[in-house]
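For reference, the structure is listed below as structure tokens.
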Amino acid sequence: MTRLTTGLLLLPSRPAGELAALARHAEGLGYDGAWVADERFFREVYACLTLCALHTTRIRLGPCVTDPYSRHAALTAMAIATLDEISGGRAMLGIGAGVSGFRELGVNPQRSAVAIREAVELIRRLLAGQTVTVKGDLVSFHDGRLDFSPLRSRIPIYVASQRPAGCRVAGRVAEGAIMQGCVAEPLLRSFRERVHEGARQAGRDPATVELVARLNVCVADDRRAARDVMRPTIVRSLVAQRPDFFTFATAGLTLPDALREKVLALAYTHDPAPLRAVAGEVPDEFVDALTLTGSPEEMAGEVARLARAGISQIMIYPLAPDGRIETTIDRFQREVMPRAREALAARP
């Protein structure tokens, strides 16, 4: 059985020193990776990751996710190679379509699957020390190279996507594929099948592409309270996916008319106030399809199910009813994962 690993995703909404302390704490608990979101306009992701690297020794570190629009792929190659050097070979790169800040920056995110693929291919060549000229459909670079030798020429790259084309790109070019919210069985199945399809099309062994479930998690014995914590995050996901709400449709869910109208009127935001104003209308089924909530016993069974379906890393974005995300970070690693691994050992 493939080893089931754990990652911690942090939003740089708190001081960089606190993020570094959380990364160090996660390392002590046995988490395998610490990811920092590249979300506009919070603290700068690579500065935060550098501080995390200086306060840890083992845990892998990377952005989850950067995008191919707001930051040129060559600059991403430069940044991730620098982080890899600072951390002693512990960097990993998460790249996806992105959404935050595009309106403010005037970014037009066209054909995201093509942009991601072209960005990854350019990053690979630059990390390998090549001088590159390329004019892609969306990513271009003229006679350029990195002016230093990267510590590693093959830094692991993970492509994050919830849509079929992006998942196929992950299977085609990346070491790993990340999908947010793939808890419901139809989502999980679609994720796995599209990634494997892309790998086979590229002549790769699908088993070599790591499948990562990026999940909002709230470990709490009161599941009702845990679900209530999650509802605003579901609203944000709905806003990001309008007008087709692809993930929810794939899970077999249809938005109630009143909720749909309110979501369509919202702007994408991390401001909790407008999200909370709509959150009360989010049904439990929507929460359960995309997130993990409840007691360690309840959650462990879901984690084991995901692992049996091919997920090899659970990346958690921690939330808590009282706002103390440290509680979820601790309980997930100390209480949920041992139970999940016991379940897997008993019935692989």
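None of the figures in this text is laboratory data; all of them are computed from the coordinates on show. Since we're looking at a predicted model, the values are computed, not measured. FYI the Cβ positions are ideal-geometry reconstructions off the backbone, even for glycines, and counts take in every protein chain you see.
Here are some notes:
- Selected from ALA91, LEU292, ALA258, residue furthest toward positive end of dipole (the chain; charges at beta carbon): ALA91
- Just checking the listed ones, ASP228, ASP205, ASP38: in the Gaussian network model of the chain with Cα springs under 10 Å, the one fluctuating most is ASP205.
- With both residues required to sit in the chain, DSSP beta bridges show an antiparallel share near 10%.
- Convex hull volume per residue, computed on the Cα atoms of the chain, equals 127 Å³.
- Contact order normalised by residue count of the chain, Cα under 8 Å, 6+ apart, percent: 16 percent
- Candidates per trypsin sites (Lys or Arg not before Pro) in the range 241-338, loop by DSSP, up to 16 other Cβ within 10 Å: ARG324
- Mean residue ellipticity, 222 nm, helices only, the chain: the sum of -39500 (n - 2.57) across DSSP H runs of n ≥ 4, divided by residue count and rounded to 500, is -14000 deg cm²/dmol.
- Working from the Cα coordinates of the range 226-292, the gyration tensor eigenvalues give, after taking √(5λ), semi-axes of 16, 14, 10 Å in decreasing order.
- With Cα atoms as the point set, the range 83-209 shows a radius of gyration and Dmax of 15.5, 46 Å.
- At most 15 other Cβ within 10 Å, DSSP loop - chymotrypsin sites (Phe, Trp or Tyr not before Pro), the range 138-246: PHE148
- Chymotrypsin sites (Phe, Trp or Tyr not before Pro) within the range 5-94: DSSP coil, no more than 14 neighbouring Cβ in 10 Å: PHE41
- Our summary gives the range 67-194 a relative contact order of 25 percent, counting only alpha carbon pairs under 8 angstrom and 6 or more residues apart.
- For the range 245-348, the Kirkwood estimate of hydrodynamic radius, built from reciprocal distances between every pair of different alpha carbons, is 15.9 Å.
- Most mobile listed residue (LEU266, LEU215, LEU93) in the chain, GNM with C-alpha springs under 10 Å: LEU266
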